[in-house]
Amino acid sequence: MSGYSDSKIMASINCVTFNHAAYIRQALDSFLMQKTDFEYEILVHDDASTDGTGDILREYAEKYPDKVKPLIQTENQYSQGIDNISGAFNFPRARGKYIFMCDGDDYWVSPVKLQKQVDYLEAHPKCTLCIHSAKIELVGKALTERRMRPYRGNRLLSPEEIIDKSSGYAMSSMAFPSRLVRELPDYYVDCPVGDTPLQMMAAAKGYGYYMDEPMSAYRVGVAGSWTTEGKSGNYARKQHAYYERMKKVYEEFDAATDGRFREASKSALKRTYYHTMVNTRQFEEIMNPEFRRYYKELTPRTRFFIQVQYRIPGGYEVLRRIFLGRKG
């Protein structure tokens, strides 16, 4: 990876896209609208899209050659077994001192997001992860919350809190020093999702800071997205495989950090297991007192639907039809 010392670029925006023709313009425009007193670059990796995403990227690269740097694959890399596209293709070409994350179907809503997060990171060199809240935008019909807001009010985050968090962080909110990803540990490469190991890497090297301001938007329900794809086929088997892979990731993280975060890692893995039980509606485990802490972390809406489905299954289907306007 190029060192920051030989570059004037302060921030590298890491964008991974696949068949996002309907969304990628909004993402790119939200990057280009940023008001900063420093230079930044937009690194987009297109995984051999078949819907014209690549053409849109070429158009933007021609119009903004100093900013937009696409890498357009002719063969789909994800299908070749490369889970973490960012680490394989975008991080090595990042020239910025800081890396910002945003998938091609998400976008930023604040024109001062880059500046605010860079200012904080510059003033606090020991901070290795800066995040914020995000709006949730629904694509199609789904049951979800309105925003990703893991905390109330601006606050520091201890390494243990980052590892063992009760609710997720929006990928589109994440910013961290690029030095974190100059060498990628096994637990990053082996992880089925890209944001969790980055948060673990940040926790291992410093602390976090949360800004309680929705500066990005996260789309839920996009066709072909990781979450949507996960629900197709044998869902229970996929969830079990996901848990097994995450178990390996937490074990590798524990080894890499000499057990410094063992308790936080154990709890985070237990929560992962619990969420797979919730997702596959294994009520015996969902209601198991051993997992009470994780049950209480679920949103009131999720708990309500679990209780209805558990106690009156027929009533659950009626409620779903009311909420979704169709059978689900």
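The values are calculated or read from the model by the stated rules, or taken from the named source; none is laboratory data. Fair warning: this is a prediction, and the values are worked out from it, not measured in the lab. Because the Cβ atoms are built from the backbone with ideal geometry, glycine has one as well, and the counts that use them run over all protein chains shown.
Restricted to helices (runs of 4 or more DSSP H) entirely inside the stretch 145-227, those with at least 2 residues that are within 22 Å of N90 (Cα to Cα) are 186-189, 195-205. Only a single item in (1) closer than 20 Å to Y98 by Cβ; (2) modelled with pLDDT under 95 is not met by C15, and it is number (2).
For the stretch 252-274, filtered to residues that are of a type in the set (D, E) and without any contact (Cβ under 8 Å) to a residue 40 or more places away in the chain, the residue that is farthest from L184 (Cα to Cα) is D258.
I need a count of the residues in the stretch 54-102 that are of a type in the set (S, T, N, Q), out of contact with any strand residue (DSSP E or B) (no Cβ under 8 Å at 6 or more places or on another chain) and outside any loop (DSSP other than H, G, I, E, B).
Within the stretch 54-102, the first condition is being of a type in the set (S, T, N, Q), and the residues that meet it are 73-74, 76-77, 79-80, 84, 86, 90.
Adding the requirement that they be out of contact with any strand residue (DSSP E or B) (no Cβ under 8 Å at 6 or more places or on another chain) leaves 74, 76-77, 79-80, 84.
Checking the rest, the ones that are also outside any loop (DSSP other than H, G, I, E, B) come to 79-80.
Of the residues in that region, 2 qualify.
Sort out for me the helices (runs of 4 or more DSSP H) sitting completely within the stretch 256-315 that have 1 or more residues that are among the hydrophobic types (A, V, I, L, M, F, W, C). Please lay out each step first, then the result.
Numbers: elements: 262-279, 283-286, 292-297, 300-311.
Where helices (runs of 4 or more DSSP H) fall fully within the stretch 256-315 and carry at least 1 residues being among the hydrophobic types (A, V, I, L, M, F, W, C), they are 262-279, 283-286, 300-311.
Tallying residues that are under 20 Å from the mean Cα position of the chain (by Cα), part of a loop (DSSP other than H, G, I, E, B) and among the charged types (D, E, K, R) within the stretch 15-53 yields 1.
The test for being in contact (Cβ under 8 Å) with a residue 12 or more places away in the chain, hydrophobic (A, V, I, L, M, F, W, C) and under 17 Å from M200 (Cα atoms) does not hold for I72.
Residue check: is E122 more than 15 Å from the chain's Cα centre (by Cα) and assigned to a helix (DSSP H, G or I)?
Details: more than 15 Å from the chain's Cα centre (by Cα): yes; assigned to a helix (DSSP H, G or I): yes.
Judged against the criteria, E122 is a match.
None of I162, I85, I136, I72 is over 23 Å from Y209 (Cα atoms), hydrophobic (A, V, I, L, M, F, W, C) and within 14 Å of the chain's Cα centre (by Cα) except I85.
The single condition from (1) in contact with a Phe, Trp or Tyr (Cβ under 9 Å, 6 or more places away or on another chain); (2) within 27 Å of M277 (Cβ to Cβ); (3) not hydroxyl-bearing (S, T, Y) that V220 fails is (1). Among the residues that make up the stretch 145-156, is at least one of them closer than 30 Å to L319 by Cβ and of a type in the set (S, T, N, Q)? Scanning the stretch 145-156, I find no residue that is closer than 30 Å to L319 by Cβ and of a type in the set (S, T, N, Q), so the answer is no.
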